[in-house]
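The values are calculated or read from the model by the stated rules, or taken from the named source; none is laboratory data. Here the structure is a predicted model, which means the values were calculated and not measured. Cβ coordinates were reconstructed from backbone atoms using ideal geometry, including for glycine residues, and neighbour counts include every protein chain displayed.
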Amino acid sequence: MARFVEETLESVFRQDYPHIEFIVMDGGSTDGTVDILRRFESRASERISFRWFSGPDGGTADAINRGLERSQGSIVAYLNADDTYAPHAVRLAVEALDDDPSAAGVYGEAQWIAEDGTPIGPYPTRDFDPARLRSECFICQPACFLRRKTFSDLGPFDASLRYAYDYEYWIRLAGRYRLRRIPQLLANSRMHRDNKTLGQRKGVLRENIEILKRHDGYAPFSHVLAYSAYLIDRRDQFFEPFQPSIPKYLFSLPVGLRFNLRHPLRYVAEWARR
């Protein structure tokens, strides 16, 4: 991700909030990222402290957990190497949390950007709704800021998950806490074929289903259909949008029954309504 990381770093250093602790966890990369990090060491100041660590880790979720363990702030957030913050994002998030002490965290609007940084379109955020979260992920991860107490209570990200550790965390959080949605643009999520969301689409879709089975004991039709469609046409369902068809719909019946062995009638009823 060396081709993106400098823009990501800049988006943090350009924030106007006066107390930022910035920690970078690098997984021992050899693509030039470490050289870029060294160049940014001189940007540390009283306003933004900056530290970085490079070495093997157990995957992205493990690296995030290690970074959080090293941090001291009462509000925490994380960026992947190819995402960026919008101007004023940190200040807006902190102000929203100060205004709503009962909220466990806040999330704002976000936009998808292409590999070259040009806007693609808005992320489909929605008001916080734990039930809806089971059928769609309406929280854009880089646009989310949480209180440290939330992490202390819920525990770390599940490091056994490769792709959907953030989605699993939102579901876990929603069972106990409330997040507040704010209307300001906070982040840009970069979509390109080298990121895990698109480049390893089958694993992402399968892991989403396994997470929902873990928490609810049930894999809903919307997730099963997306997975079934990918098995048939291998479309990434972003740059190559989902294309509905009768064969995909029919195929989602046996696939969904395999995932829902304990709830076959519930799945058949949901499948029949679509």
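Being hydroxyl-bearing (Ser, Thr, Tyr), under 25 Å from GLU6 (Cα atoms) and not in a loop (DSSP other than H, G, I, E, B) is the requirement here; does SER152 meet it?
On the way: hydroxyl-bearing (Ser, Thr, Tyr): yes; under 25 Å from GLU6 (Cα atoms): no; not in a loop (DSSP other than H, G, I, E, B): yes.
Considered against the rule, which asks whether it is hydroxyl-bearing (Ser, Thr, Tyr), under 25 Å from GLU6 (Cα atoms) and not in a loop (DSSP other than H, G, I, E, B), SER152 comes out as no.
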Go through (1) surrounded by 16 or more Cβ atoms within 10 Å (Cβ to Cβ); (2) modelled with pLDDT under 95 for ALA86 and report which single condition fails. (2)
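Could we say that PHE157 is touching a helix residue (DSSP H, G or I) at 6+ places or on another chain (Cβ under 7 Å), at pLDDT below 95, assigned by TED's automatic domain parsing to the domain that holds SER71 and not hydroxyl-bearing (Ser, Thr, Tyr) here?
Spelling it out, it is not the case that PHE157 is touching a helix residue (DSSP H, G or I) at 6+ places or on another chain (Cβ under 7 Å), at pLDDT below 95, assigned by TED's automatic domain parsing to the domain that holds SER71 and not hydroxyl-bearing (Ser, Thr, Tyr).
Report the residue count in the stretch 1-50 for those that are of a type outside the set (A, V, I, L, M), assigned to a strand (DSSP E or B) and under 20 Å from the mean Cα position of the chain (by Cα). Full working, then the answer.
Within the stretch 1-50, the first condition is being of a type outside the set (A, V, I, L, M), and the residues that meet it are 3-4, 6-8, 10-11, 13-19, 21-22, 26-33, 35, 38-43, 45-47, 49-50.
Subset that is assigned to a strand (DSSP E or B): 21-22, 26, 49-50.
This time we only want the ones that are under 20 Å from the mean Cα position of the chain (by Cα), so: 22, 26.
Qualifying residue count for the region: 2.
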So PHE238 fits all but one of (1) surrounded by fewer than 21 Cβ atoms within 10 Å (Cβ to Cβ); (2) more than 28 Å from ALA86 (Cβ to Cβ); (3) among the hydrophobic types (A, V, I, L, M, F, W, C); (4) touching a Ser or Thr at 6+ places or on another chain (Cβ under 9 Å); what number is the exception? (2)
Can you say whether ALA159 is closer than 19 Å to ASN80 by Cβ, assigned to a loop (DSSP other than H, G, I, E, B) and of a type in the set (Gly, Ala, Ser), as far as the supplied structure shows? yes
Given the condition under 22 Å from the mean Cα position of the chain (by Cα), on the phi < 0 side of the Ramachandran plot and surrounded by fewer than 18 Cβ atoms within 10 Å (Cβ to Cβ), answer yes or no: does some residue in the stretch 222-232 qualify? yes
Those residues of the stretch 168-221 which are assigned to a helix (DSSP H, G or I), more than 14 Å from the chain's Cα centre (by Cα) and of a type in the set (S, T, N, Q), in sequence order: none
Any hit, the stretch 140-154, residues being in contact (Cβ under 8 Å) with a residue 12 or more places away in the chain and closer than 21 Å to GLY217 by Cα: yes
